[in-house]
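In what follows, a single structure is set out as C-alpha coordinates and then discussed.
The values are calculated or read from the model by the stated rules, or taken from the named source; none is laboratory data. Not measured: the values here are computed from a predicted model. Don't worry about glycine lacking a Cβ; one is built from the backbone with ideal geometry, like all the others, and counts go over all protein chains shown. We work out accessible area using only protein heavy atoms, side chains counted, and drop any ligands, DNA or RNA first. Shrake-Rupley method; radii C 1.70, N 1.55, O 1.52, S 1.80 Å.
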Amino acid sequence: ALFQCDHVQYTLVPVSGWQELETAFLEHKDQVKLLVKQDDDLDVPAYDDIFRDEEDEEEEDSENESDGSEPSEKRRRFEEDVIERTMKRRQRREWEARRREILFDYEQYEYHGTSSAMVMFDLAWIMSKDLNDMLWWAIVGLTDQWVQDKITQMKYVTDIGILQRHVSRHNHRNEDEENSLSIDCMRIAFEYDLRLALYQHWSLYESLCNTSYTSASLKLWSVQGQKRLHEFLADMGLPLRQVKQKFNSMDMSLKENLREMIEESANKFGMKDLRVQTFSIHFGFKNKFSASDIVYATVSLMENIEKEGPETTNFIKALDSLSRSNLDKLHQGLDLAKKQLRAIQQTVASCICTNLVISQGPFLYCSLMEGTPDVKLFSKPVSLCLLSKYLLKSFVCSTKNKRCKLLPLVMAAPMDVERGTVIMVGIPPETESSDKKNFFGRAFEKAADSTNSRTLHNHFDMSIIELKTEDRSKFLDALISLLS
(Lines give C-alpha, C1' and ligand atoms only; values in the text may rest on other atoms or scores of the structure.)
Protein backbone atom coordinates (compact mmCIF):
# COMPACT_ATOMS: atom_id res chain seq x y z
CA ALA A 1 0.00 0.00 0.00
CA LEU A 2 2.90 2.39 0.79
CA PHE A 3 4.55 1.60 -2.54
CA GLN A 4 1.26 2.30 -4.31
CA CYS A 5 0.94 5.62 -2.44
CA ASP A 6 4.29 6.72 -3.91
CA HIS A 7 3.72 5.05 -7.31
CA VAL A 8 6.76 2.81 -6.79
CA GLN A 9 7.00 -0.24 -9.05
CA TYR A 10 7.75 -3.47 -7.17
CA THR A 11 7.76 -7.24 -7.59
CA LEU A 12 5.97 -9.40 -5.03
CA VAL A 13 7.54 -12.84 -4.51
CA PRO A 14 5.78 -15.08 -1.94
CA VAL A 15 8.17 -17.47 -0.13
CA SER A 16 7.30 -20.16 2.41
CA GLY A 17 10.75 -20.77 3.93
CA TRP A 18 14.49 -20.04 3.92
CA GLN A 19 15.20 -22.09 0.77
CA GLU A 20 12.61 -20.24 -1.31
CA LEU A 21 13.82 -16.93 0.13
CA GLU A 22 17.39 -17.69 -1.00
CA THR A 23 16.23 -18.84 -4.45
CA ALA A 24 14.03 -15.74 -4.88
CA PHE A 25 16.88 -13.48 -3.80
CA LEU A 26 19.31 -15.03 -6.30
CA GLU A 27 16.72 -14.76 -9.10
CA HIS A 28 15.88 -11.12 -8.35
CA LYS A 29 19.09 -9.81 -6.76
CA ASP A 30 19.53 -7.17 -9.50
CA GLN A 31 16.18 -5.68 -8.46
CA VAL A 32 16.79 -5.85 -4.70
CA LYS A 33 17.19 -2.50 -3.00
CA LEU A 34 17.61 -1.85 0.70
CA LEU A 35 14.84 0.51 1.79
CA VAL A 36 17.20 2.98 3.51
CA LYS A 37 19.17 5.98 2.34
CA GLN A 38 22.89 5.46 1.68
CA ASP A 39 23.96 7.68 4.57
CA ASP A 40 21.56 6.19 7.14
CA ASP A 41 23.17 4.84 10.30
CA LEU A 42 21.72 1.35 10.74
CA ASP A 43 23.29 0.89 14.20
CA VAL A 44 24.47 -2.61 13.27
CA PRO A 45 27.05 -3.65 15.90
CA ALA A 46 30.59 -4.43 14.76
CA TYR A 47 31.82 -8.04 14.87
CA ASP A 48 34.41 -7.21 17.54
CA ASP A 49 31.69 -5.73 19.77
CA ILE A 50 29.93 -9.11 19.98
CA PHE A 51 32.63 -11.76 19.49
CA ARG A 52 36.16 -12.27 20.77
CA ASP A 53 38.51 -14.57 18.92
CA GLU A 54 39.70 -17.58 20.90
CA GLU A 55 43.32 -16.60 20.12
CA ASP A 56 42.88 -13.36 22.10
CA GLU A 57 41.60 -15.24 25.16
CA GLU A 58 44.33 -17.87 24.92
CA GLU A 59 46.93 -15.10 24.67
CA GLU A 60 45.60 -13.52 27.86
CA ASP A 61 45.62 -16.87 29.65
CA SER A 62 49.14 -17.71 28.49
CA GLU A 63 50.45 -14.46 29.91
CA ASN A 64 49.46 -15.66 33.36
CA GLU A 65 51.21 -19.02 32.98
CA SER A 66 54.82 -19.66 34.00
CA ASP A 67 57.29 -19.94 31.10
CA GLY A 68 60.26 -21.28 33.15
CA SER A 69 62.31 -18.02 33.05
CA GLU A 70 64.75 -16.90 35.75
CA PRO A 71 63.06 -15.17 38.77
CA SER A 72 64.80 -11.83 38.09
CA GLU A 73 63.80 -11.91 34.44
CA LYS A 74 60.21 -12.72 35.40
CA ARG A 75 60.14 -9.84 37.85
CA ARG A 76 61.47 -7.38 35.25
CA ARG A 77 58.95 -8.64 32.73
CA PHE A 78 56.13 -8.28 35.23
CA GLU A 79 57.13 -4.69 36.00
CA GLU A 80 57.21 -3.87 32.29
CA ASP A 81 53.88 -5.55 31.47
CA VAL A 82 51.79 -4.69 34.52
CA ILE A 83 50.27 -1.55 32.94
CA GLU A 84 49.54 -3.31 29.66
CA ARG A 85 47.83 -6.25 31.40
CA THR A 86 45.77 -3.90 33.57
CA MET A 87 44.66 -2.06 30.43
CA LYS A 88 43.71 -5.36 28.76
CA ARG A 89 41.59 -6.38 31.75
CA ARG A 90 39.88 -2.98 31.74
CA GLN A 91 39.26 -3.25 27.99
CA ARG A 92 37.77 -6.72 28.46
CA ARG A 93 35.42 -5.46 31.21
CA GLU A 94 34.36 -2.55 28.97
CA TRP A 95 33.85 -4.97 26.04
CA GLU A 96 31.70 -7.29 28.18
CA ALA A 97 29.60 -4.38 29.44
CA ARG A 98 29.14 -3.06 25.88
CA ARG A 99 28.27 -6.56 24.62
CA ARG A 100 25.65 -7.03 27.37
CA GLU A 101 24.09 -3.68 26.43
CA ILE A 102 23.98 -4.55 22.70
CA LEU A 103 22.54 -8.03 23.28
CA PHE A 104 19.92 -6.62 25.66
CA ASP A 105 18.80 -4.18 22.93
CA TYR A 106 18.57 -6.95 20.36
CA GLU A 107 16.67 -9.30 22.67
CA GLN A 108 13.84 -6.76 22.77
CA TYR A 109 13.06 -7.67 19.14
CA GLU A 110 12.68 -11.41 19.43
CA TYR A 111 10.11 -13.41 17.44
CA HIS A 112 7.50 -12.95 20.17
CA GLY A 113 7.82 -9.16 20.04
CA THR A 114 5.85 -6.50 18.16
CA SER A 115 4.05 -7.75 15.06
CA SER A 116 5.56 -6.69 11.72
CA ALA A 117 2.13 -5.39 10.69
CA MET A 118 2.23 -2.92 13.59
CA VAL A 119 5.80 -1.89 12.71
CA MET A 120 4.68 -1.15 9.14
CA PHE A 121 1.69 0.84 10.39
CA ASP A 122 4.00 2.90 12.63
CA LEU A 123 6.12 3.60 9.56
CA ALA A 124 3.04 4.73 7.59
CA TRP A 125 1.95 6.92 10.52
CA ILE A 126 5.38 8.58 10.79
CA MET A 127 5.23 9.27 7.04
CA SER A 128 1.67 10.68 7.45
CA LYS A 129 0.37 8.08 4.99
CA ASP A 130 -1.59 5.92 7.42
CA LEU A 131 -5.06 4.98 6.21
CA ASN A 132 -7.91 3.13 7.91
CA ASP A 133 -7.12 0.04 5.80
CA MET A 134 -3.53 0.02 7.03
CA LEU A 135 -4.73 0.36 10.62
CA TRP A 136 -7.01 -2.64 10.11
CA TRP A 137 -4.11 -4.73 8.76
CA ALA A 138 -2.06 -3.81 11.86
CA ILE A 139 -4.99 -4.99 14.04
CA VAL A 140 -5.18 -8.28 12.08
CA GLY A 141 -1.41 -8.77 12.52
CA LEU A 142 -1.65 -8.33 16.29
CA THR A 143 -4.74 -10.56 16.52
CA ASP A 144 -2.91 -13.27 14.58
CA GLN A 145 -0.19 -13.29 17.25
CA TRP A 146 -2.84 -13.60 19.96
CA VAL A 147 -4.86 -16.33 18.18
CA GLN A 148 -1.69 -18.35 17.59
CA ASP A 149 -0.62 -17.80 21.21
CA LYS A 150 2.70 -16.19 20.27
CA ILE A 151 2.48 -13.29 22.73
CA THR A 152 1.49 -12.91 26.36
CA GLN A 153 -1.89 -11.53 27.38
CA MET A 154 -0.11 -8.48 28.83
CA LYS A 155 1.63 -7.75 25.51
CA TYR A 156 -1.67 -8.17 23.66
CA VAL A 157 -3.58 -5.80 25.96
CA THR A 158 -0.75 -3.21 25.79
CA ASP A 159 -0.70 -3.24 21.98
CA ILE A 160 -4.51 -3.13 21.85
CA GLY A 161 -4.30 0.11 23.86
CA ILE A 162 -1.82 1.59 21.36
CA LEU A 163 -4.04 0.67 18.40
CA GLN A 164 -7.18 1.90 20.17
CA ARG A 165 -5.82 5.46 20.12
CA HIS A 166 -5.28 5.22 16.36
CA VAL A 167 -8.78 3.77 15.91
CA SER A 168 -10.28 6.74 17.78
CA ARG A 169 -8.26 9.13 15.61
CA HIS A 170 -9.33 7.53 12.31
CA ASN A 171 -12.96 6.71 13.14
CA HIS A 172 -14.12 9.52 15.44
CA ARG A 173 -16.34 11.07 12.75
CA ASN A 174 -18.73 8.12 12.91
CA GLU A 175 -19.85 9.08 16.40
CA ASP A 176 -21.49 12.23 15.03
CA GLU A 177 -24.54 11.18 13.02
CA GLU A 178 -24.53 14.32 10.89
CA ASN A 179 -20.86 13.86 10.01
CA SER A 180 -20.92 10.10 9.47
CA LEU A 181 -19.12 8.43 6.59
CA SER A 182 -20.97 7.15 3.55
CA ILE A 183 -22.46 3.66 3.61
CA ASP A 184 -19.68 2.26 1.40
CA CYS A 185 -16.87 3.32 3.75
CA MET A 186 -15.31 1.10 6.36
CA ARG A 187 -15.50 1.75 10.07
CA ILE A 188 -13.34 0.14 12.79
CA ALA A 189 -14.68 -0.11 16.35
CA PHE A 190 -13.09 -1.24 19.62
CA GLU A 191 -15.26 -3.65 21.60
CA TYR A 192 -15.36 -6.33 24.25
CA ASP A 193 -16.36 -9.48 22.42
CA LEU A 194 -16.78 -13.19 23.15
CA ARG A 195 -13.80 -15.50 22.84
CA LEU A 196 -15.76 -17.74 20.46
CA ALA A 197 -14.33 -18.56 17.03
CA LEU A 198 -16.38 -17.29 14.07
CA TYR A 199 -19.63 -17.34 16.10
CA GLN A 200 -21.23 -14.52 14.10
CA HIS A 201 -20.76 -16.51 10.87
CA TRP A 202 -21.60 -19.92 12.34
CA SER A 203 -24.07 -21.27 14.87
CA LEU A 204 -23.41 -20.50 18.53
CA TYR A 205 -23.44 -24.25 19.26
CA GLU A 206 -20.78 -25.04 16.63
CA SER A 207 -18.63 -22.17 17.84
CA LEU A 208 -18.79 -23.32 21.48
CA CYS A 209 -17.86 -26.87 20.41
CA ASN A 210 -14.97 -25.83 18.16
CA THR A 211 -13.37 -23.03 20.16
CA SER A 212 -10.27 -24.23 21.99
CA TYR A 213 -11.01 -22.30 25.21
CA THR A 214 -14.60 -23.53 25.71
CA SER A 215 -13.91 -27.05 24.45
CA ALA A 216 -10.99 -27.51 26.87
CA SER A 217 -12.78 -25.85 29.82
CA LEU A 218 -15.92 -28.00 29.42
CA LYS A 219 -13.95 -31.13 28.32
CA LEU A 220 -16.25 -31.61 25.34
CA TRP A 221 -14.47 -34.80 24.18
CA SER A 222 -16.18 -36.68 27.02
CA VAL A 223 -19.83 -37.59 27.65
CA GLN A 224 -19.66 -35.62 30.89
CA GLY A 225 -18.38 -32.61 28.94
CA GLN A 226 -21.30 -32.75 26.50
CA LYS A 227 -23.63 -32.86 29.49
CA ARG A 228 -21.94 -29.76 30.95
CA LEU A 229 -22.38 -27.95 27.63
CA HIS A 230 -26.14 -28.56 27.71
CA GLU A 231 -26.24 -27.43 31.36
CA PHE A 232 -24.34 -24.28 30.34
CA LEU A 233 -26.88 -23.52 27.59
CA ALA A 234 -29.78 -24.23 29.96
CA ASP A 235 -28.28 -21.88 32.56
CA MET A 236 -28.38 -19.10 29.94
CA GLY A 237 -31.95 -20.00 29.02
CA LEU A 238 -31.06 -20.60 25.38
CA PRO A 239 -33.13 -23.28 23.57
CA LEU A 240 -31.11 -25.82 21.54
CA ARG A 241 -33.17 -25.01 18.46
CA GLN A 242 -31.95 -21.40 18.62
CA VAL A 243 -28.25 -22.05 19.31
CA LYS A 244 -27.98 -24.69 16.58
CA GLN A 245 -29.17 -22.41 13.79
CA LYS A 246 -27.08 -19.73 12.14
CA PHE A 247 -26.25 -16.84 14.46
CA ASN A 248 -27.82 -14.34 12.04
CA SER A 249 -31.10 -16.29 12.20
CA MET A 250 -31.40 -16.29 16.01
CA ASP A 251 -34.24 -14.33 17.61
CA MET A 252 -33.30 -10.68 18.05
CA SER A 253 -34.64 -10.77 21.61
CA LEU A 254 -32.00 -13.42 22.47
CA LYS A 255 -29.14 -11.71 20.64
CA GLU A 256 -29.67 -8.33 22.34
CA ASN A 257 -28.23 -9.39 25.71
CA LEU A 258 -26.39 -12.48 24.53
CA ARG A 259 -22.89 -11.40 25.51
CA GLU A 260 -23.93 -10.51 29.05
CA MET A 261 -25.90 -13.77 29.42
CA ILE A 262 -22.97 -15.88 28.20
CA GLU A 263 -20.44 -14.07 30.41
CA GLU A 264 -22.61 -14.49 33.52
CA SER A 265 -23.10 -18.23 32.96
CA ALA A 266 -19.46 -18.72 31.87
CA ASN A 267 -18.25 -17.46 35.25
CA LYS A 268 -20.35 -20.14 36.99
CA PHE A 269 -18.73 -22.81 34.80
CA GLY A 270 -15.15 -21.65 35.44
CA MET A 271 -14.69 -19.79 32.15
CA LYS A 272 -13.69 -16.40 33.51
CA ASP A 273 -11.75 -15.28 30.44
CA LEU A 274 -14.53 -15.61 27.86
CA ARG A 275 -14.59 -11.86 27.29
CA VAL A 276 -11.76 -10.36 25.25
CA GLN A 277 -10.75 -6.90 24.02
CA THR A 278 -10.75 -6.74 20.23
CA PHE A 279 -11.79 -4.71 17.20
CA SER A 280 -14.44 -5.20 14.55
CA ILE A 281 -14.80 -3.77 11.07
CA HIS A 282 -18.02 -2.67 9.35
CA PHE A 283 -18.58 -2.29 5.61
CA GLY A 284 -21.87 -0.43 5.42
CA PHE A 285 -24.81 -2.03 7.29
CA LYS A 286 -24.54 -5.63 6.19
CA ASN A 287 -20.92 -6.76 6.58
CA LYS A 288 -19.33 -6.95 10.02
CA PHE A 289 -16.23 -8.99 10.88
CA SER A 290 -14.13 -9.29 14.02
CA ALA A 291 -10.34 -9.24 13.73
CA SER A 292 -10.14 -12.94 14.69
CA ASP A 293 -12.60 -13.81 11.87
CA ILE A 294 -10.11 -12.35 9.39
CA VAL A 295 -7.19 -14.20 10.99
CA TYR A 296 -8.90 -17.61 10.79
CA ALA A 297 -10.04 -16.96 7.21
CA THR A 298 -6.62 -15.78 5.99
CA VAL A 299 -4.71 -18.67 7.60
CA SER A 300 -7.16 -21.19 6.09
CA LEU A 301 -6.75 -19.69 2.61
CA MET A 302 -2.95 -19.75 3.02
CA GLU A 303 -2.94 -23.43 4.02
CA ASN A 304 -5.73 -24.69 1.78
CA ILE A 305 -4.75 -28.29 0.86
CA GLU A 306 -6.87 -28.34 -2.30
CA LYS A 307 -4.55 -27.64 -5.24
CA GLU A 308 -5.80 -24.75 -7.37
CA GLY A 309 -2.68 -23.84 -9.35
CA PRO A 310 0.90 -22.90 -8.43
CA GLU A 311 2.12 -22.89 -4.80
CA THR A 312 1.80 -19.10 -4.69
CA THR A 313 -1.94 -19.19 -5.52
CA ASN A 314 -2.94 -19.63 -1.86
CA PHE A 315 -0.82 -16.68 -0.78
CA ILE A 316 -2.33 -14.38 -3.44
CA LYS A 317 -5.87 -15.48 -2.44
CA ALA A 318 -5.15 -14.83 1.24
CA LEU A 319 -3.71 -11.42 0.36
CA ASP A 320 -6.77 -10.59 -1.75
CA SER A 321 -9.09 -11.55 1.13
CA LEU A 322 -7.65 -8.66 3.17
CA SER A 323 -9.05 -6.20 0.64
CA ARG A 324 -12.64 -5.07 1.21
CA SER A 325 -13.27 -5.35 -2.54
CA ASN A 326 -12.84 -9.15 -2.34
CA LEU A 327 -15.50 -10.20 0.18
CA ASP A 328 -16.20 -13.38 -1.81
CA LYS A 329 -12.65 -14.62 -1.07
CA LEU A 330 -13.07 -13.69 2.60
CA HIS A 331 -16.28 -15.73 2.84
CA GLN A 332 -14.50 -18.64 1.13
CA GLY A 333 -11.81 -18.34 3.81
CA LEU A 334 -14.43 -18.38 6.58
CA ASP A 335 -15.88 -21.63 5.20
CA LEU A 336 -12.41 -23.21 5.07
CA ALA A 337 -11.72 -21.98 8.61
CA LYS A 338 -14.82 -23.77 9.93
CA LYS A 339 -13.59 -27.03 8.37
CA GLN A 340 -10.14 -26.46 9.88
CA LEU A 341 -11.51 -25.80 13.39
CA ARG A 342 -13.76 -28.87 13.21
CA ALA A 343 -10.81 -31.02 12.10
CA ILE A 344 -8.66 -29.69 14.94
CA GLN A 345 -11.26 -30.38 17.63
CA GLN A 346 -12.04 -33.86 16.30
CA THR A 347 -8.32 -34.69 16.28
CA VAL A 348 -7.86 -33.30 19.80
CA ALA A 349 -10.77 -35.44 21.05
CA SER A 350 -9.33 -38.52 19.32
CA CYS A 351 -5.82 -37.97 20.76
CA ILE A 352 -7.12 -37.56 24.33
CA CYS A 353 -9.65 -40.40 24.21
CA THR A 354 -7.06 -42.85 22.79
CA ASN A 355 -4.26 -41.64 25.11
CA LEU A 356 -1.97 -40.62 22.25
CA VAL A 357 -0.31 -37.92 24.38
CA ILE A 358 2.50 -39.60 26.34
CA SER A 359 5.14 -38.27 28.72
CA GLN A 360 8.71 -38.65 27.48
CA GLY A 361 10.29 -37.27 30.65
CA PRO A 362 11.16 -33.61 29.92
CA PHE A 363 8.28 -33.15 27.45
CA LEU A 364 4.97 -34.60 26.26
CA TYR A 365 4.89 -36.28 22.85
CA CYS A 366 2.11 -36.99 20.37
CA SER A 367 2.39 -38.42 16.88
CA LEU A 368 -0.35 -38.56 14.26
CA MET A 369 -0.27 -41.67 12.08
CA GLU A 370 -0.82 -41.84 8.34
CA GLY A 371 -4.52 -42.55 7.75
CA THR A 372 -5.73 -40.33 10.60
CA PRO A 373 -8.72 -38.23 9.42
CA ASP A 374 -7.66 -34.80 8.10
CA VAL A 375 -3.98 -35.71 8.61
CA LYS A 376 -3.06 -33.98 5.33
CA LEU A 377 -4.22 -30.65 6.78
CA PHE A 378 -1.71 -31.02 9.62
CA SER A 379 1.23 -31.29 7.24
CA LYS A 380 0.90 -27.49 7.09
CA PRO A 381 2.86 -25.57 9.78
CA VAL A 382 0.23 -23.15 11.13
CA SER A 383 -2.50 -25.82 11.21
CA LEU A 384 -0.16 -28.20 13.08
CA CYS A 385 0.82 -25.43 15.53
CA LEU A 386 -2.85 -24.59 16.21
CA LEU A 387 -3.63 -28.28 16.71
CA SER A 388 -0.64 -28.67 19.08
CA LYS A 389 -1.58 -25.64 21.18
CA TYR A 390 -5.25 -26.73 21.39
CA LEU A 391 -4.22 -30.30 22.25
CA LEU A 392 -1.85 -29.17 25.02
CA LYS A 393 -4.53 -26.88 26.48
CA SER A 394 -7.07 -29.72 26.45
CA PHE A 395 -4.58 -32.25 27.86
CA VAL A 396 -3.71 -29.93 30.77
CA CYS A 397 -7.45 -29.65 31.54
CA SER A 398 -7.95 -33.43 31.36
CA THR A 399 -4.90 -34.86 33.19
CA LYS A 400 -4.64 -35.28 36.95
CA ASN A 401 -0.83 -35.55 36.80
CA LYS A 402 0.45 -32.24 38.21
CA ARG A 403 3.91 -32.66 36.67
CA CYS A 404 2.51 -33.23 33.18
CA LYS A 405 0.58 -29.96 33.42
CA LEU A 406 3.92 -28.10 33.43
CA LEU A 407 5.53 -29.86 30.45
CA PRO A 408 5.95 -28.62 26.86
CA LEU A 409 4.64 -30.66 23.92
CA VAL A 410 6.39 -32.07 20.86
CA MET A 411 4.02 -33.10 18.09
CA ALA A 412 4.67 -34.91 14.80
CA ALA A 413 2.52 -35.49 11.71
CA PRO A 414 3.20 -37.08 8.29
CA MET A 415 4.64 -34.48 5.89
CA ASP A 416 5.31 -36.27 2.61
CA VAL A 417 4.67 -40.02 2.48
CA GLU A 418 6.54 -40.49 -0.80
CA ARG A 419 9.67 -38.78 0.53
CA GLY A 420 9.24 -40.42 3.94
CA THR A 421 9.24 -37.23 6.00
CA VAL A 422 7.38 -35.97 9.07
CA ILE A 423 6.81 -32.40 10.26
CA MET A 424 7.52 -31.76 13.94
CA VAL A 425 6.73 -28.80 16.17
CA GLY A 426 7.64 -27.90 19.76
CA ILE A 427 5.19 -25.97 21.95
CA PRO A 428 6.11 -24.26 25.28
CA PRO A 429 4.26 -25.26 28.49
CA GLU A 430 0.64 -24.16 28.99
CA THR A 431 1.12 -22.09 32.15
CA GLU A 432 -0.26 -18.69 33.15
CA SER A 433 3.26 -17.41 33.87
CA SER A 434 4.60 -18.52 30.47
CA ASP A 435 6.47 -15.78 28.59
CA LYS A 436 5.74 -17.62 25.30
CA LYS A 437 9.46 -18.00 24.54
CA ASN A 438 10.12 -21.19 22.60
CA PHE A 439 13.47 -22.94 23.15
CA PHE A 440 12.76 -25.89 20.84
CA GLY A 441 14.42 -24.39 17.73
CA ARG A 442 17.93 -24.62 19.21
CA ALA A 443 17.14 -27.96 20.92
CA PHE A 444 16.01 -29.46 17.59
CA GLU A 445 19.24 -28.32 15.91
CA LYS A 446 21.44 -29.84 18.63
CA ALA A 447 19.52 -33.13 18.67
CA ALA A 448 19.81 -33.39 14.87
CA ASP A 449 23.55 -32.59 14.88
CA SER A 450 24.39 -35.07 17.64
CA THR A 451 22.62 -37.97 15.88
CA ASN A 452 23.26 -37.01 12.22
CA SER A 453 19.48 -37.07 11.72
CA ARG A 454 18.37 -35.90 8.30
CA THR A 455 16.40 -32.76 9.12
CA LEU A 456 15.38 -29.65 7.23
CA HIS A 457 15.21 -26.40 9.20
CA ASN A 458 13.43 -24.49 6.46
CA HIS A 459 10.62 -22.73 8.34
CA PHE A 460 10.91 -19.14 9.56
CA ASP A 461 9.60 -20.40 12.90
CA MET A 462 12.62 -22.39 14.10
CA SER A 463 10.48 -24.57 16.41
CA ILE A 464 9.13 -26.33 13.28
CA ILE A 465 11.32 -28.88 11.46
CA GLU A 466 11.03 -31.57 8.81
CA LEU A 467 12.58 -34.96 9.62
CA LYS A 468 13.13 -38.30 7.87
CA THR A 469 10.66 -40.82 9.36
CA GLU A 470 13.33 -43.48 9.97
CA ASP A 471 15.48 -40.97 11.93
CA ARG A 472 12.65 -40.02 14.28
CA SER A 473 13.48 -42.56 17.00
CA LYS A 474 17.14 -41.57 17.47
CA PHE A 475 16.25 -37.87 17.14
CA LEU A 476 13.69 -38.15 19.98
CA ASP A 477 16.17 -40.09 22.16
CA ALA A 478 18.72 -37.28 21.70
CA LEU A 479 16.09 -34.65 22.44
CA ILE A 480 15.07 -36.44 25.67
CA SER A 481 18.73 -36.67 26.73
CA LEU A 482 19.34 -33.02 25.85
CA LEU A 483 16.34 -31.67 27.78
CA SER A 484 16.53 -33.98 30.81
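Below is a table of values for the structure above.
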read-out: Protection proxy ranking of 210-216, 303-309 - average other beta-carbon atoms within 10 Å, highest first; value: 210-216, 303-309
read-out: Solvent exposure of the stretch 358-483 as accessible area per residue, Å², 1.4 Å probe; value: 45 Å²
read-out: For the stretch 358-483, the spread of Cα positions along each principal axis, largest first, Å; value: 39, 34, 25
read-out: Fraction of beta bridges assigned by DSSP in the stretch 358-483 that are antiparallel (%, nearest 5); value: 80 percent
read-out: Whole-percent carbon and sulfur share, accessible surface of the stretch 358-483, 1.4 Å; value: 53 percent
read-out: Inter-label distance for K227 and V157, nm, one decimal - labels placed 7 Å from Cα along Cα-to-Cβ; value: 3.6 nm
read-out: Exposure of S323 as accessible area (Å², to 10), given a probe of 1.4 Å and all protein chains; value: 40 Å²
read-out: Per residue value of the accessible surface for the stretch 202-286 (all protein chains in place, 1.4 Å probe), Å²; value: 51 Å²
read-out: Convex hull projection area averaged over all views, the stretch 214-310, Cα basis, nm²; value: 9.0 nm²
read-out: Of K338/K437; K155/K219; K393/K437; K246/K376, pairs whose Cα-Cα distance is over 22 Å; value: K338/K437; K155/K219; K246/K376
read-out: All-pairs Cα distance distribution in the stretch 185-354, expressed in whole percent, bin size 10 Å; value: 9, 35, 35, 17, 4, 0
read-out: Sorted peptide list for 235-245, 461-471, criterion being average Cβ within 10 angstrom, highest first; value: 461-471, 235-245
read-out: For R90, solvent-accessible area (1.4 Å; no DNA, RNA or ligand), Å²; value: 120 Å²
read-out: Cβ-placed point charges (K, R +1; D, E -1), dipole of the stretch 358-483 about Cα centre in debye, nearest 20; value: 440 debye
read-out: Whole-number percent relative contact order across the stretch 383-484, with pairs defined as alpha carbons under 8 Å at least 6 apart; value: 23 percent
read-out: Neighbour-limited loop hits for trypsin sites (Lys or Arg not before Pro), the stretch 383-437 (at most 16 other Cβ within 10 Å; DSSP other than H, G, I, E, B); value: K400, K402, R403, R419, K436, K437
read-out: Stokes-Einstein diffusion coefficient of the stretch 280-414, Kirkwood radius over Cα pairs, 4 °C, 1.567 mPa s, in µm²/s; value: 79 µm²/s
